[in-house]
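Here's the structure we're looking at; comments come further down.
The values are calculated or read from the model by the stated rules, or taken from the named source; none is laboratory data. The shown structure was predicted, so the numbers you read here are calculated from the model rather than taken from an experiment. Glycine also receives a Cβ, built like all others from the backbone with ideal geometry; neighbour counts cover every protein chain displayed. All accessible areas refer to the heavy atoms of the entire protein, side chains included, with ligands and DNA or RNA removed. Shrake-Rupley method; radii C 1.70, N 1.55, O 1.52, S 1.80 Å.
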Amino acid sequence: KMSSGAADLRQRKKQHCTESDKMAPEERNKEISKLGRSPKYLLIQRFAKLFFGCLAAVTSGMMYAVYLSTYHERKFWFSSRQELEREITFQGDSAIYYSFYKELLKAPSFERGVYELTHNNKTVSLKTINAVQQMTLYPELIASVLYQASGSEEVIEPVYFYIGIVFGLQGIYVTALFVTSWVMSGTWLAGMLTVAWFIINRTDTTRIDYSIPSRENWALPYFACQVAALTGYLKKNLNCSAEKFCYLLVSASTYTFMMMWEYSHYLLFVQAVSLFLLDSFALAQTEKVHEVYKIYLFSLFVGYLLQFENSALLVSPLLSLVAALMLSRCLQINMKKDTFMSRLLKIMYIYLVLTITVTLNFLLKMFVPHKENEHLLKFIEVKLGLNTTKNFTMNWLLCQESLQAPSQDFFLRLTQSSLLPFYILVLIICLFSVTQVIFRRICGEPLKETVKLEDGRIGERPEIVYHVIHTILLGCLAMCLEGMKYLWTPYVCMLAAFGVCSPELWMTLFKWLRLKAVHPILLALILSMAVPTIIGFSLWKEFFPRIMTELSELQEFYDPDTVELMTWIKRQAPVAAVFAGSPQLMGVIRLCTGWMVSSLPLYNDDDLLKRNENIYQIYSKRSAEDIYKILTSYKANFLIIEDSICNEVGPVKGCRVKDLLDIANGHVVCEEGDSYAYSKYGRFCHEIKMNYSPYVNYFTRVYWNRSYFVYRINTVISFQS
């Protein structure tokens, strides 16, 4: 029965495609006869619109990539720097990603380079890691293959090729947002406005300025392509060829996105929830939504295999949700009959799916061995106020700006660029229209096959409903964590631009207002052109001079102390030496010198997190003997003290590294409402600079400058008075 039902479903889909393809020419002929225009004239008009729209989209992406490249050059003077000075611009985890790209290019063959990365024991002391799996190095693998296969060695330097790919992907990102707003509104004017808002609010739409090699800069362009294809796929009355193209693009971009970023399945989970709600209220074709679910399953399966049997994908909420939806599909098919009982069971269906999802995820975590980050769950507990902790790592994460609630400055910037007011206006209109449609569906009123402009029912378009739900869910996350704004704000730009350029949105508003003085359709068409034009001119007048000033202004980024430190290490330190210090500095040392380090700025591995906490003890109030035992346990030969951490004056009280260490070590004493640090030992990073016993017994200073103090860790301890 199930197989015959599936065959009937496929047959109905084929019939629908052929009927829509046959009906399309008849409808076009009717339109043409009404307009009194020849088919040839209309074909030329549509082709011109498509051609110039695509040209504008591609040009916008290329111009944005050129803008990023020019800004990067002006900021770092990249072309006039030596290789060491260029590499210092990669900070923290960015330095680690680029260092593995360098290692791949230096390997005698690509196969040997991949093997060394998957069995890496030359980066972190006493630890062999699968760097490809642990750090999601597929972007670096692809970049190295492209660099060598294209014969670019004699044309361009590796660093320019690497950052050029990232900037190119950002151009694709912008182009995808352009296309999404264009598909939704029907005019590429919306795409131009999307790009303008995206660039003006670049501080809040992308992290490309701060961390070029970060995983999201590689992954989010593919997600934007997936969203653009999904937007087209969800549209009603789409011809078969366009539907197949959108389906293939959704499939390819979903899989690629999952391979580029270890946290991609969480973002896809948010998208799956949006599609689930869209389907639950029967606002989209169930067959299309379930085809997307199958894409998720396939991507999870292939990702699990190619990511070295990554168990985190098996216990991901995305897999549990999609499996629950598949199990509940039979009930959903029975519900979609227009009876009172079926409408009543919709609520039960949602409850059933959620219950199965939670239960399935719980069972998977019980029986599937996984290394899912426990600190992530603990962080959520502490963030929500369900628990308190003195743990250094947890409190350090809570102090990070990206994990705080968004500041008032964020909303002020969005308001000054006029983005936030128009977004709220568009969201309210769409949300009310969607609510009306849901109420009509509950009352048994069917959806219209084709929504005309004069109907004023923008909430009946499934792609619009999807974006409304999606942007609300992402917005809720962004209100909790400032780092999530980079996922939300680009789609704020897209939705706001679509709304002000869409005649349907204005017509929906006029239907509610019962406008009679002026013809509502004519006024909607005028406003959909006039409002974005006025916004565009005002943005051009206010922000274009600022952007040109950014590009013409020569900025000075030079860190002579770090350059001197790296130069000393390369010239004086033994090749087999192991360095210990802050994880951020260790990343730079690994990139610039190639020397082994004791820790890395990575936060997805419990062992590395514990290492980071232990090595950070060099800034705590502990004895020289304790620090010596910690460092020698990781086979460290040299210790680097950073003056900026030791004498840190943080803007937030209690968030300095030394404050967090004092709390974790129980060295904070509270008296009469005031708290202060107390220990029988002085702060190690201060005391070691005094060069007296017992510190000189364990450590010997070998190099220093204004920012760094390097000490050799003595293998033979000499107790001198």
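Structure data summary
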quantity: Carbon/sulfur fraction of accessible area - the range 98-206, other protein chains in place, 1.4 Å, %; calculated: 62 percent
quantity: Estimated dipole of the chain in Debye, rounded to 20 [Cβ of Lys and Arg +1, of Asp and Glu -1, Cα centre]; calculated: 2060 debye
quantity: Per-residue SASA entry for VAL358, accessible area with 1.4 Å probe, Å² rounded to 10; calculated: 100 Å²
quantity: Accessible area of the chain divided out per residue, in Å², using a probe of 1.4 angstrom; calculated: 48 Å²
quantity: Charge-dipole axis of the chain as Lys and Arg at +1 and Asp and Glu at -1 on Cβ define it, positive-most pick from SER598, SER109, THR508; calculated: THR508
quantity: Cα shape, the range 538-618, gyration tensor, a/c 1.5 rule; calculated: oblate
quantity: Restraint check, LYS49/LYS511; LYS49/LYS294; LYS570/LYS635; LYS511/LYS541; LYS49/LYS235, Cα-Cα greater than 31 Å; calculated: LYS49/LYS294; LYS511/LYS541
quantity: Residues with amide H under 5 Å from that of PHE699, placed H, sequence gap 5 or more; calculated: ASN714
quantity: Cα-centred dipole magnitude for the range 560-713, charges only on beta-carbon of K, R (+1) and D, E (-1), debye, nearest 20; calculated: 640 debye
quantity: Flagged links, alpha-carbon separation over 27 Å, of LYS106/LYS610; LYS378/LYS485; LYS102/LYS365; LYS383/LYS485; LYS122/LYS629; calculated: LYS106/LYS610; LYS102/LYS365
quantity: R0 of 41 Å, Cβ-Cβ distance TYR678-GLU83: FRET efficiency to nearest 0.05; calculated: 0.30
quantity: With at most 11 other Cβ atoms within 10 Å, longest stretch of the chain clear of loop GluC sites (Glu not before Pro) (DSSP); calculated: 1-308
quantity: Sites PHE432 and CYS655, calculated FRET efficiency, Cβ-Cβ separation with R0 30 Å, nearest 0.05; calculated: 0.10
quantity: Theoretical FRET efficiency, 1/(1+(r/R0)^6), r = Cβ-Cβ of THR700 and MET348, R0 56 Å, to 0.05; calculated: 0.15
quantity: Of all DSSP beta bridges in the chain, antiparallel share, percent nearest 5; calculated: 75 percent
quantity: For the chain, with +1 on Lys and Arg beta carbons and -1 on Asp and Glu, the positive-most of THR355, ALA57, PHE439 along the dipole; calculated: PHE439
quantity: Carbon and sulfur %, accessible surface of the range 376-441 computed with the full protein complex present, 1.4 Å; calculated: 64 percent
quantity: Potential extension, THR286-LYS610 segment - 0.36 nm per residue separation minus Cα distance; calculated: 111.9 nm
quantity: For the chain, calculated [θ]222 nm from helices alone, where every DSSP H run of n ≥ 4 adds -39500 (n - 2.57); calculated: -22000 deg cm²/dmol
quantity: Rounded percent of accessible protein surface that carbon and sulfur make up, the range 560-713, 1.4 Å probe; calculated: 50 percent
quantity: Dipole magnitude of the range 43-165 about its Cα centre (Cβ charges: Lys, Arg +1; Asp, Glu -1), debye to nearest 20; calculated: 420 debye
quantity: Mean Cβ count within 10 Å, highest first, over the residues of peptides 267-274, 494-501; calculated: 494-501, 267-274
quantity: Segment ALA242-ASN387, extension gain: residue separation times 0.36 nm, minus the distance between their alpha carbons; calculated: 47.1 nm
quantity: Derived scalar couplings ³J(HN,Hα) [the range 561-577; Karplus, 6.51 cos²θ - 1.76 cosθ + 1.60; whole Hz; x for Gly, Pro]; calculated: 5, 5, 4, 4, 4, 5, 5, 5, 4, 5, 8, 10, 6, x, 4, 8, 5
quantity: Charge dipole of the chain about the Cα centre (unit charges at C-beta), most positive-ward option of SER80, GLN404, SER633; calculated: GLN404
quantity: Rounded to whole Hz, the Karplus (6.51, -1.76, 1.60) HN-Hα couplings of the range 609-624, x for glycine and proline; calculated: 4, 5, 4, 4, 5, 5, 6, 5, 4, 5, 10, 9, 9, 10, 6, 4
quantity: Mean separation of Cα contacts under 8 Å (6+ apart) over length of the chain, as relative contact order %; calculated: 16 percent
